[in-house]
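The values are calculated or read from the model by the stated rules, or taken from the named source; none is laboratory data. Given the structure is predicted, the values throughout are model-derived calculations rather than measurements. Cβ: placed from backbone, ideal geometry, glycine included. Neighbour counts: every protein chain shown. Side chains are part of the model used for accessible areas, which takes the heavy atoms of the whole protein and leaves out ligands, DNA and RNA. Shrake-Rupley method; radii C 1.70, N 1.55, O 1.52, S 1.80 Å.
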Amino acid sequence: MSGAVAIGVDVGGTKLVAATVAEDGTILERRRQSTPAGDGEQVLRTVLEIVEALDDAGELPVGVGIAAIVDPAGVVRYGPNIGVRDLPLAARLTAATGRRAVVKNDATAAAYGEARVGAGQGADHVVMLTLGTGVGGGVIVDGTVVEGREGFAGELGHVIVSDGGRLCPCGNRGCVEAYASGTAIGLLARERLVDREVESSLREDVQLDGKAVTSAAMAGDEFARSVLEEAGRWLGVAMASLANVLDPELIVVGGGAAIQAGAFMLPAARASMAERLIGRKHREAPRVVPATLSDDAGMIGAGLLAADS
Ligand SMILES: [Zn+2]
């Protein structure tokens, strides 16, 4: 299989995707199946099957990005959506196949993918924010992923932007996830629609979520646009804190619906961040750009992490 440098695997809450990946991030062969529910051993077995199917010669290293907290040794500590707990996935993969194996949090893997071959190509200092049901993230410093002592670093969705503010699913109040996730955008719209004076096509929408708000904004609904701009301003507050701590070259914003919502959110986020940057008169603000690898970022990033390890 010429050109492949690794196998990248992305284990999500519902689906498991894998591919052979080339040095430049090109996907050569791809497989996909549903994630077995509630059992680490079954997740391991499924990853092993898919790896053997993609590379029966058994030479390529394997990188896995998984929706879980993963410690620097590749032990999946806690993955509530997958039902995996304290599974030494990297060591078990190596023991079963003899391959080099790397396991990281999925958002961290996605950040590495974007930094290496996506929107951040060529940059050594990259922050990635992933907007979806929640807000995820990853940090690359000097070309290396930041994991922290036990793998809990990079939980950027829980940067607090308003002390005592909106309730976040994590139990804290005022996290940026409670303002800028798809779920939060839907809630924000619902709350503002209580005011009967507001005119919007969203009034008739029974399943008012982030996607519905984005679709309405794209169709020209001014109210929907203002909701996305408000979410974007909150996102910018978090970005300013991240930029003040890390001084990245760029902040990449990804996640399913974020690419379309970004047209309304990102200008507001850039302005809101710029107002809060330390030394703003004497520096260039980090560029805020949409991700380019779409849903493949985690899989590609995981593969390249294994290839580069
Ligand atoms: Zn939170």
For this session: For region 262-285, name all the residues that are touching a residue at least 60 places away in the same chain (Cβ under 8 Å) and either part of a loop (DSSP other than H, G, I, E, B) or touching a strand residue (DSSP E or B) at 6+ places or on another chain (Cβ under 7 Å) (or both).
Result: none
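Per-residue answers, yes or no, for (1) within 16 Å of the ligand (Cβ to nearest atom); (2) open to solvent by 10 Å² or more (accessible area, probe 1.4 Å); (3) in a loop (DSSP other than H, G, I, E, B); (4) closer than 15 Å to V176 by Cα:
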| residue | (1), (2), (3), (4) |
| --- | --- |
| G122 | no, yes, yes, no |
| L129 | yes, no, no, yes |
| G136 | yes, yes, no, yes |
| I140 | no, no, no, no |
| R149 | no, yes, yes, no |
| F152 | yes, yes, yes, no |
| G157 | yes, no, no, yes |
Exercise. Taking the condition within 16 Å of the ligand (Cβ to nearest atom), modelled with pLDDT of 95 or more and touching a helix residue (DSSP H, G or I) at 6+ places or on another chain (Cβ under 7 Å), does R166 pass?
Worked result: yes
Problem set entry | Flag if A110 is open to solvent by less than 20 Å² (accessible area, probe 1.4 Å), modelled with pLDDT of 95 or more, among the aliphatic types (A, V, I, L, M) and not in a strand (DSSP E or B) | yes
Exercise. How many residues are among the β-branched types (V, I, T) and either more than 25 Å from R149 (Cβ to Cβ) or open to solvent by 30 Å² or more (accessible area, probe 1.4 Å) (or both) when one looks only at region 73-94?
Worked result: 2
For this session: Run G186 past the list (1) away from the ligand (no atom under 13 Å from the Cβ); (2) touching a strand residue (DSSP E or B) at 6+ places or on another chain (Cβ under 8 Å) and report the number of the one that doesn't hold.
Result: (2)
Exercise. Looking at region 192-227, which of its residues are modelled with pLDDT of 95 or more and closer than 19 Å to P169 by Cβ?
Worked result: V213
Exercise. Would you pick out the residues in region 62-72 that are in contact with a helix residue (DSSP H, G or I) (Cβ under 7 Å, 6 or more places away or on another chain) and either in the same structural domain as V145 (by TED's automatic domain parsing) or open to solvent by 10 Å² or more (accessible area, probe 1.4 Å) (or both)?
Worked result: A67
Problem set entry | Cβ-Cβ under 6 Å pairs, at least 6 apart or on other chains, region 286-299 side in contact (Cβ under 8 Å) with a residue 24 or more places away in the chain, far side basic (K, R) | V288/R270
